[in-house]
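What follows is calculated from the coordinates using simple rules that are stated; it is not laboratory data. Everything numeric in this text was worked out from a predicted model, so none of it was measured. Neighbour counts are summed over all protein chains in view; Cβ atoms, including those assigned to glycine, are modelled from backbone coordinates with ideal geometry.
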Amino acid sequence: MPLASRHLLGLEGVPKEDIQLILDTATSFREILERPIKKVPTLQGMTIVNLFFESSTRTRISFELAERRLSADVVNFSADLSSVKKGETLKDTARNIEAMKIDMVVMRHAAVGAAHFLTRVIKAIIINAGDGTHEHPTQALLDMYSIREKLGKIEGLNICIVGDISHSRVALSNIYGLKTMGANVAVCGPKTLIPREIGKLGVKIFYSVDEAIKWANVLNVLRIQLERQDRAFFPSLREYRQYFAITKERLDKSEKQITILHPGPINRDVELSAEVADSEHSLILQQVLNGVAVRMAVLYLLGTRSESK
Ligand code: CP
């Protein structure tokens, strides 16, 4: 069965079967990444534009590698070097790029809803690589893939997202995806960094990280996004670290082996101690590797779905 939607804009409303299909397809692509020649001709002839209006290391390189490994033609757009600098709008930028006959756009943008907007102004397939504080669906998919790979399942696990929930697109996509896949989901952080209405999404809330650690099998630790904070949400980084950092001392109090995820980039020794980040608890670099396979799966499923229409 093809995916229900021709775009990937977020995980809100994406059916369980589609998430399952993406994760299962990623398993086949993950195997290709271990081969000496890590390339298949699957998307030969397709042209994909990576439209990044915000900085990125992991997502941009991961998408580009995934596209090249599938033999697509790849064009990279960076807002800083484009006519956006001269005042060109997102709509005009996208329509001009589409006029050059492209098939797919992967976009990161600071505005919530930017990827949805793009689906209304151009005909290409759109993949959201992060829109403001809204969603980052491929990050949540690679997080779920990494949890399933390590722990053998997602359903029934206690998974807590820790940190700056309010400013995080990773948190929202993880909540939608994990709940669809049957996990028990919680968030943990200072009251000022947890949206007031979050309980309506069916998540537990912890204000004590030690309580969260007692409950969880997996902690997905988020970066404190100082660049998105227009006022002080906690007194100091030192105080944040004292009450909310995931440290070895805190994890050692738990009888369970807790798996640690972080989408990156990490503020080492702020939300996560360097010791834990580099420990056997951590899946961080595995997440990055799995991200290429998951993005290959998304590109393949969307690219071939449109071909068959
Ligand atoms: N996880 C993530 O989105 O990282 P980048 O901002 O480096 O793409």
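Laid out as a table, the results:
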{"read-out": "Residue, surrounded by the fewest Cβ atoms within 10 Å (Cβ to Cβ), within segment 44-87, restricted to residues that are in contact (Cβ under 8 Å) with a residue 24 or more places away in the chain and among the hydroxyl-bearing types (Ser, Thr, Tyr)", "value": "THR57"}
{"read-out": "Among residues of segment 132-171, those that are in contact (Cβ under 8 Å) with a residue 40 or more places away in the chain, outside any loop (DSSP other than H, G, I, E, B) and either touching a helix residue (DSSP H, G or I) at 6+ places or on another chain (Cβ under 9 Å) or charged (D, E, K, R) (or both), counted", "value": "21"}
